[in-house]
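To keep things clear, I will list the structure first and then write my remarks on it.
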Amino acid sequence: MKILRNAQRPLVNALRRRYAIFDGLWQRFPDNIFLIRCGDAGRFYVEAINPPLEAMFGMTSEEACGKPIEEVVPADYLPAVLARYQECVASRAPLSYEEIGAADQANPQYWLTIMVPAVDGQGRVEYILGISRDITLIRQAEETLRQANEVLEKRVAERTAALEAANQRLRELAIHDGLTGLYNRRHFFELAEHAFRQTLRSGFDLSVVMVDLDSFKRINDSLGHAAGDLVLREIAGVFRLVMRESDIVGRYGGEEFAVLMSSAGAQEACRLAERLQNAVADSRIQWRDTAIQCTLSAGVAQYSPQCDASLDALIERADVALFEAKSRGRNCIVVSRPDTSLCSSRELFS
Ligand SMILES: Nc1nc2c(ncn2[C@@H]2O[C@H](COP(=O)(O)OP(=O)(O)OP(=O)(O)O)[C@@H](O)[C@H]2O)c(=O)[nH]1
């Protein structure tokens, strides 16, 4: 008998050492640890809880030991806890999940739980060992970061929109004449070049009307530059009213305007020039106590493959016709025929 006790001593000592190690770890482990015994009929009983859980449940591990889980876990969380135990028993595999538990909803507590089933020789889950870590601070930091990101994204979106609006304004400024709002000379040429190339491909008509206000200098000289500016703005408004949507109109120079009409021959271009002439003549522009009346001269040219190797050539012909209109006493429309001879618009229709 004594021999047998002596033989067992190293084993007992080894078991004591191991127990002391595990018990020390159990007592000092900072996260919640619980050991659950799986009873018959799907019942679960507390086997042991470590100090953090003792503090949370308000009972010692000895007091909790053997109690059905329903008597230890608060009723609010019980269904979710039982469901996890059942899942672990059914799968017989480790399980990891996140859960929210809180005394009040405004301050939720987040837990990351890992469960490991202890399976006996018959494949039955006898115990479940669980470790729960409080990850509330991590989730709160993530939420703070998410909110900060949201604010940042909103700010970036606002700045992007403001920048986009500023870019749009810049694009507008880059293509429009600041005084009249019509296309500036450079953009007029860009659009006109495009239309000209299309005409070369399609063979459709294309005409140019060059318009110049008559004796505009007199307005400046008699009423001042601001009055002249007002006249230019008002005349631009008249242009907008009279033009077709497809017409391209630009401020070509000081008081000179260019109109490019796609799919329009010389007669249609002359009719447009006449409508402009009449609309301008009818408009009374009020500058202080003076009603300013203007007239205009226009030169018209229809694209002709024989004369117009380029857009510049076509505009040059319309410009020559405009010069002729000025020479003929102003307030009239002159057309450059395909053979470059000049005639009045009335002659064109007769
Ligand atoms: N107020 C104002 N005047 C301008 C502007 N651009 C050019 N002008 C003036 O337009 C006038 C053009 O004068 P001219 O070239 O002699 O032409 P005009 O007086 O219209 O005479 P005709 O074209 O021969 O009928 C000049 O006095 C320029 O200073 C502008 O943006 N604003």
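FYI, it's all coordinate maths here, none of it is from the lab. Predicted model, so just to flag it, every value in this text is computed and none were measured. No Cβ is skipped: glycine too gets one built from the backbone with ideal geometry, and neighbour counts run over all protein chains shown.
Binning all Cα-Cα separations of segment 31-134 at 5 Å, short to long from zero, yields these whole-percent fractions: 2, 13, 23, 28, 20, 10, 4, 1, 0, 0. Estimated translational diffusion coefficient (Stokes-Einstein, Kirkwood radius over Cα pairs, 37 °C, 0.692 mPa s) of segment 105-175: 189 µm² per second.
In the chain, the longest principal axis of the Cα atoms and the axis of helix 2-28 are about 30 degrees apart. Set the Förster radius R0 to 25 Å, insert the Cβ-Cβ distance between L223 and E274 as r into 1/(1 + (r/R0)^6), and round the FRET efficiency to 0.05. FRET efficiency, L223 to E274: 0.35.
If you plug the beta carbon distance of L173 and Y97 into 1/(1 + (r/R0)^6) with R0 = 51 Å, you get a FRET efficiency near 0.30. For A118, the shell of other residues with beta-carbons less than 13 Å away shows a net charge of 0, using +1 for Lys and Arg and -1 for Asp and Glu.
Let's see if you can work this out: charge +1 on each Lys and Arg Cβ, -1 on each Asp and Glu Cβ, no other charges. What is the dipole magnitude of segment 176-349 about its Cα centre, in debye to the nearest 20?
Using only the charged Cβ atoms, the result is roughly 200 debye.
Axis angle, to the nearest 10 degrees, between helix 185-202 and the longest C-alpha principal axis of the chain: 90 degrees.
Summary of the geometry: segment 282-336 and segment 59-73, compared by the centres of their Cα atoms, lie 102 Å apart.
Against the chain, whose longest principal axis is taken from its Cα atoms, helix 78-91 shows a tilt of about 80°.
Considering only Q306, V242, L230, and ranking their Cα positions along the charge dipole of the chain that arises from unit charges at the beta-carbon of Lys, Arg, Asp and Glu, the one farthest toward the positive end is Q306. Distance between the modelled labels on I114 and C343, one decimal in nanometres: 9.9 nm (7 Å Cα→Cβ projection). A Förster radius of 41 Å combined with the Cβ-Cβ distance from R288 to A148 puts the calculated FRET efficiency at roughly 0.10.
Its DSSP H runs of at least 4 residues, each contributing -39,500 (n - 2.57), put the calculated 222 nm mean residue ellipticity of the chain at -16500 deg cm²/dmol, to the nearest 500.
Roughly how many debye, to the nearest 20, is the charge dipole of the chain about its Cα centre, given +1 on each Lys and Arg Cβ, -1 on each Asp and Glu Cβ, and no other charges? Computed about the Cα centre, the dipole is about 960 debye.
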